[in-house]
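Where a number appears in this text, it was derived from the coordinates with a stated rule and is not lab data. The shown structure was predicted, so the numbers you read here are calculated from the model rather than taken from an experiment.
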Amino acid sequence: MRANEDELRRLMISGLDGNAADHAALLRLLVPVLRGFYRRRSSGADDDIEDLVQETLIAVHTRRASYDRERAFTAWLFAVARYKMIDHFRRVRRLQPIEGLEEVLVADGFEDASGARLDVEELLGTLPPKQARMIRATRIEGLSISEAAAVDGIGESDVKVSVHRGLKALMARIQGGAR
């Protein structure tokens, strides 16, 4: 069976309601989804990818109560997966660009000027919350403008404006050396 948003969300909610079989089915369906997610974003070995898949499945299981039933399941899943990936790369002391964001965070001479690693979450934490959420949703989690708008309950133009303003502010901070 191929996983889709509706089926994954249904299984998650059923699992939250106490159906252990649906919860187990959800975790099984997530394995190929997570493998694909990590393969597209990592140049790591297969062992690293399998470790990330297992860590993410454990996090989905242990943190399932944090899932908001009114929101898209895959947005929540990929946020969990992204944090697991960042944690993994920190643990193994590798820098790994997060899909799409490297274009925003890398400016001519930035590495020479900074001399230190750039913590994406710390940098996004300097933005207003809505701008940071929309950048995470569209540039890190890979949601489309319409998907991000639906998940956050705002209009598509609001997403576009928030992303544009947030990226502009990030570039100004990076180029100015501010953190």
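Give, in nm to one decimal, the length gained when the segment between residue 69 and residue 6 is fully stretched (0.36 nm per residue of separation minus the Cα-Cα distance).
Between residue 69 and residue 6, full extension yields an extra 21.5 nm.
Fully extended, how many nm does the chain gain between residue 144 and residue 122 (0.36 nm per residue separation, minus their Cα-Cα distance)? Could you put the intermediate results ahead of the total?
Details: separation 22, 0.36 × 22 = 7.92 nm, distance 2.37 nm.
Taking residue 144 through residue 122 to full extension adds about 5.5 nm, to one decimal.
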Using the Karplus equation 6.51 cos²θ - 1.76 cosθ + 1.60 (θ = phi - 60°), what ³J(HN,Hα) coupling, rounded to whole Hz, does each residue of region 8-18 give in order, writing x for Gly and Pro? 4, 5, 4, 5, 4, 5, 4, x, 5, 7, x
Where only alpha carbons of region 17-62 are counted, the Rg and the Dmax (Å): 11.7, 38
Pop out the Kirkwood hydrodynamic radius of region 4-81 from its pairwise C-alpha distances, inverse of mean 1/r, in Å to one decimal. 12.7
